[in-house]
Amino acid sequence: MISQEQKSAITAILASGEVKADEPLARHTTYGIGGPAELFVRPGNGSELVALLQHADSEKIPLTILGSGSNCLVADSGIQGIVISLAGTLNDLTMVGQQVTAGAGVMLGHMVHECAAAGLGGLDGLTGVPGTLGGALVMNAGAYGAEISTHLCEVRLVAFNGRQRTVPAADLTFGYRTSGFKDNEIIIGGIFKFPRAQNGDLEKRREASQKRKESQPLKQRSAGSVFKNPDDGPAAGQLIDQAGLKGTGYGGAEISTHHANFFINQGGASADDVAFLIKLAAATVRQQFGISLQLELKTLGFPEGYWEGIGVV
């Protein structure tokens, strides 16, 4: 439990930020699902973030990074300790020639748009991908042949104890929906060098946007792809579809009839509703095809052991 004295100290630290006790995280996730954060905070700037981390470290207060809430499922019980959202902060974006410096809170869609407007290529396949740059780097977001890490030069990090460091991209390990970032560090921002746009890049953006509209349930509440695609063979959505689960509902949640790797909140869904379908899909695909699906979705606030035995994490 965070004491009233600690809450007062945090409020003083975040003079230009936001501090809310028992804030429903359903208000801050694209799923519209999630119990309360014991203390929800949004730093006003980088200095406030560092000071907050130093205070939390000295007081031994647990920390959870929410980002923009676009690729996560938050437990119905909520999250104890401090939940940090960087949406709306650390959102500076500057361009000098082909070099782009961006804060972790910059929305990825905004960055893609601004780079395109400046005549830079390399991000066209990421058109329409939701979330912040920080979240995109952690997940090494990618689509239609483009990955956010491809043109990364360096990244700025701050540890949970407030210590900052800059890491060259060459010292990081990126893979399919994975990165080498530590769980106890937060991405502050990064520097990229993008190629000049080529003929056909505009068409790539249009194609990426059109494919999303055609293949994904963009008008319904979801958190994007639930499972990573296996290294070989059919994609996760195809496997779930072939298992006969497309359209399966539980409570207020449903495996989308539009794309079986999207689990949607039809209205009033709980985290447990979505979790039931995740476990059902993983177990059924493993039973029918011998393939263990791995979660792409980030799960927050679930008790220890909740996901054990189904091979998704």
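One table, with the values for the structure above:
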| quantity | calculated |
| --- | --- |
| Tally, over segment 87-102, of residues that are in contact with a Cys (Cβ under 9 Å, 6 or more places away or on another chain), in contact (Cβ under 8 Å) with a residue 60 or more places away in the chain and not polar (S, T, N, Q) | 1 |
| Any strands (runs of 3 or more DSSP E) falling wholly within segment 238-313 and containing at least 1 residues that are open to solvent by 70 Å² or more (accessible area, probe 1.4 Å) | 298-300 |
| All positions within segment 34-71 that are within 30 Å of LYS279 (Cα to Cα), out of contact with any Ser or Thr (no Cβ under 6 Å at 6 or more places or on another chain) and not β-branched (Val, Ile, Thr) | GLY34, PRO36, ALA37, GLU38, LEU39, PHE40, PRO62, LEU63, ASN71 |
| Members of segment 142-154 found to be at negative phi and either open to solvent by 50 Å² or more (accessible area, probe 1.4 Å) or not in a strand (DSSP E or B) (or both), listed by number | GLU147, ILE148, SER149, THR150, HIS151, CYS153, GLU154 |
| Selection within segment 1-52 - open to solvent by 20 Å² or more (accessible area, probe 1.4 Å), within 20 Å of the chain's Cα centre (by Cα) and among the β-branched types (Val, Ile, Thr) | THR30 |
| Inter-residue pairs, beta-carbon under 6 Å, first closer than 13 Å to VAL226 by Cβ and in segment 275-294, second assigned to a helix (DSSP H, G or I), 6+ apart | ALA281/ILE240; VAL285/LEU239; LEU293/ALA236; LEU293/ALA282; LEU293/VAL285 |
| Which numbered condition MET1 misses (of (1) out of contact with any Gly (no Cβ under 8 Å at 6 or more places or on another chain); (2) more than 27 Å from PHE302 (Cα to Cα); (3) not polar (S, T, N, Q)) | (2) |
| Boolean, GLY105 is free of Cβ contacts under 8 Å to residues at least 60 places away in the same chain, open to solvent by less than 10 Å² (accessible area, probe 1.4 Å) and either assigned to a helix (DSSP H, G or I) or at negative phi (or both) | yes |
| Within segment 155-168, tally of residues that are of a type outside the set (Ser, Thr, Tyr), assigned to a strand (DSSP E or B) and either in contact with a Phe, Trp or Tyr (Cβ under 7 Å, 6 or more places away or on another chain) or surrounded by fewer than 18 Cβ atoms within 10 Å (Cβ to Cβ) (or both) | 5 |
| Residue that is nearest to LYS298 (Cα to Cα) [pool: residues in segment 151-181 that are in contact (Cβ under 8 Å) with a residue 12 or more places away in the chain and out of contact with any strand residue (DSSP E or B) (no Cβ under 8 Å at 6 or more places or on another chain)] | THR178 |
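Table: residues versus (1) at negative phi; (2) touching a residue at least 40 places away in the same chain (Cβ under 8 Å); (3) among the charged types (D, E, K, R).
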site	(1), (2), (3)
SER3	yes, no, no
GLN6	yes, yes, no
GLY17	yes, yes, no
LYS20	yes, no, yes
TYR31	yes, yes, no
GLU38	yes, yes, yes
GLY46	yes, yes, no
VAL50	yes, yes, no
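The values are calculated or read from the model by the stated rules, or taken from the named source; none is laboratory data. Since this is a predicted model, take the numbers as computed values, not measurements. Note that we place each Cβ from the backbone using ideal geometry, even for glycine, and neighbour counts take in every protein chain shown. We work out accessible area using only protein heavy atoms, side chains counted, and drop any ligands, DNA or RNA first. Shrake-Rupley method; radii C 1.70, N 1.55, O 1.52, S 1.80 Å.
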